[in-house]
Every structure is written in structure tokens, then in C-alpha cells.
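Just below is one structure, and these are the notes that go with it.
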Amino acid sequence: MNLSTKLKDILFLDIETVPEKENWNLLSKKTQQLFEQKTLYQRKEEFTTEEFYKKAGIWAEFGKIICISIGYFVEIESKRQFRVTSFYGDDEYQLLHDFKILLDKHFAKKSNVLCAHNGKEFDFPFIARRMIIHKIELPKKLNLFGKKPWEIPHLDTLELWKFGDYKHYTSLKLLTFILGIPSPKDDIDGSEVAAVFYKEKNIQRIVNYCEKDTVAVAQILLRFNNDQLLKKENIIRIDL
């Protein structure tokens, strides 16, 4: 697989989301009704609406972003380095606003693209929807209105792995395993994020998990390009 996009032009990212409220009882009656209607098909008769609310973080209408981790390649004295950092916390408006500033200032060139695993189905639309809800003007890289498919500046490692087989889904955990990439799922997984956030109140644990996923996406793209994987010493965490 020979990617035409240069590594230095790619912003890799991953997000972590949780239900907008800690539990069902904190929702307004109207929100409860709308959630019940929204999830009727998925729930069927296996779960009550209240039991199913723990999955609310997968919908932008009922969830919120608590972490956006990003990573990008730089060349330092002819050596490849991957820098990773995060926007995180309980103030979703602020982290989205700060992320938009980063995109507008540093990744707004025509050559820049965003890359995530299942990003086209989840990360990119989720971020855009939450920005609209918070009345944040969409950055160019997320504003897809009127764009043709080939004009959309997004890469998706899941889509690349499908090779046109649209019924095929492969998780990040499985893909890293079969490609010989160190697993990012060595602490928690997505189903545990809400409990870590609301019960443990351990946002740093979530940030670490999210950043590992971001590194894993970059490693996958390197493998797709038959390139050398990043070594641990070449992965640098920076503070914004």
C-alpha cells in the first residue's frame, strides 16, 4: 500500500466519550424520552432504557467528549519522531475550542489530513456534531458540507484495511495484534471509560489510554506503508 500523503501532513487522533450525565436520573424527562426513541432498535427487549444509558457515549446527541489525543510526525536531525498530546477534562467546550485552534493554526493546509481508526464513522462526525452543539464554528478539516468524497481530508485505517469490503469490521485491538504492533489495550478498554471518568475520577488514566490508541493508529499506517515501526524512544509526549 503506497500512500501518497506525506506522514508530516497527517494529524493522527483518537477520542474518548462518555454519557453526558453520570446516570439516567440526572436527565430531563424530555431527554429520557428522546433517548428511548433513539435507541429502540438497538435495545430491542434485552435492556431497559435506563440500563442501556451506559452506552450513551457512542451518540453525539447524548454523549460528550472528555479527551482528544493527537499525534504527528516530525524529523529531528534526520530521525523520525512522533509527538503526542491531549486535550482533556470535564469542560467539553474548552477542549473542543482548543482543538479547533490547533487545527486552524497548524493543520489547515490543503495537504493536511486527519487520520483515525473508524474515524469516518465515529471520531470525525462526533467531534463535528459536538462542536455544532456548542456553537463552535467548524474548522475546515471537519466542515464537509458540499464536499465531494475525494475532497474530504480524512484517512481511516479501518477503511483502508477493508479494501472495499464494506461489511468487514476489524477493531483496533485485533488489527494491532495481527500486524505485530504493541497493543494499546493493556489497561482499560472503551467499555470502562465512563466508570473510570465518573466513578474513579481518573482522567489521566483515560488520557494515557487515548494517547496509546493514537500512537497505535500511526503505527498501523506505517505498517500499511511497509515502513519501520516507531520505537518507544521516538514517541515523545508533549504538553500544550
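The values are calculated or read from the model by the stated rules, or taken from the named source; none is laboratory data. In this text, all values refer to a predicted model and were calculated from it rather than measured experimentally. For neighbour counting, all protein chains shown are included, and Cβ atoms are generated from backbone atoms with ideal geometry for every residue, glycine included.
Here are a few things to note about the model shown:
Yes/no matrix, rows are residues, columns are (1) within 16 Å of Ile68 (Cα to Cα); (2) surrounded by 13 or more Cβ atoms within 10 Å (Cβ to Cβ); (3) touching a Leu at 6+ places or on another chain (Cβ under 6 Å); (4) not hydrophobic (A, V, I, L, M, F, W, C):
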site	(1), (2), (3), (4)
Cys115	yes, yes, yes, no
Glu137	no, no, no, yes
Lys141	yes, yes, yes, yes
Pro149	no, no, no, yes
Asn202	yes, yes, no, yes
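- Scanning the stretch 92-139 for residues that are in contact with a strand residue (DSSP E or B) (Cβ under 7 Å, 6 or more places away or on another chain), under 26 Å from Trp161 (Cα atoms) and of a type in the set (Phe, Trp, Tyr) returns Phe107, Phe124, Phe126.
- Cross-chain or 6+ apart pairs with Cβ under 8 Å, the stretch 56-67 first and in contact (Cβ under 8 Å) with a residue 12 or more places away in the chain, then in a strand (DSSP E or B) and aromatic (Phe, Trp, Tyr): Ile66/Tyr88; Cys67/Phe87; Cys67/Tyr88
- Among the residues of this structure, Ile236 counts as one that is in contact (Cβ under 8 Å) with a residue 60 or more places away in the chain and β-branched (Val, Ile, Thr).
- Of the residues making up the stretch 204-236, those that are among the basic types (Lys, Arg) and out of contact with any helix residue (DSSP H, G or I) (no Cβ under 8 Å at 6 or more places or on another chain) are Lys212, Arg223, Lys231, Lys232.
- Residues located in the stretch 174-200, provided they are surrounded by fewer than 16 Cβ atoms within 10 Å (Cβ to Cβ) and either hydroxyl-bearing (Ser, Thr, Tyr) or within 29 Å of Tyr53 (Cα to Cα) (or both): Leu174, Ser183, Asp186, Asp187, Asp189, Ser191, Glu192, Ala195, Tyr198, Lys199, Glu200
To keep it simple, each residue is scored yes or no on (1) of a type in the set (D, E, K, R); (2) surrounded by 14 or more Cβ atoms within 10 Å (Cβ to Cβ); (3) at pLDDT below 95; (4) within 15 Å of Phe126 (Cα to Cα).
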{"position": "Ala56", "(1), (2), (3), (4)": "no, yes, no, yes"}
{"position": "Ala60", "(1), (2), (3), (4)": "no, yes, no, yes"}
{"position": "Gly63", "(1), (2), (3), (4)": "no, yes, no, yes"}
{"position": "Ile70", "(1), (2), (3), (4)": "no, yes, no, no"}
{"position": "Ser78", "(1), (2), (3), (4)": "no, no, yes, no"}
{"position": "Phe82", "(1), (2), (3), (4)": "no, yes, no, no"}
{"position": "Thr85", "(1), (2), (3), (4)": "no, yes, no, no"}
{"position": "Glu92", "(1), (2), (3), (4)": "yes, yes, no, yes"}
{"position": "Leu103", "(1), (2), (3), (4)": "no, yes, no, no"}
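- Positions within the stretch 143-158 being closer than 16 Å to Ser111 by Cα and polar (S, T, N, Q), in sequence order: Asn143
- Residue count for the stretch 1-49, restricted to those that are aromatic (Phe, Trp, Tyr) and closer than 30 Å to Val84 by Cβ: 1
- Looking only at residues in the stretch 204-240 that are among the acidic types (Asp, Glu) and at pLDDT below 95, the one that is surrounded by the most Cβ atoms within 10 Å (Cβ to Cβ) is Asp227.
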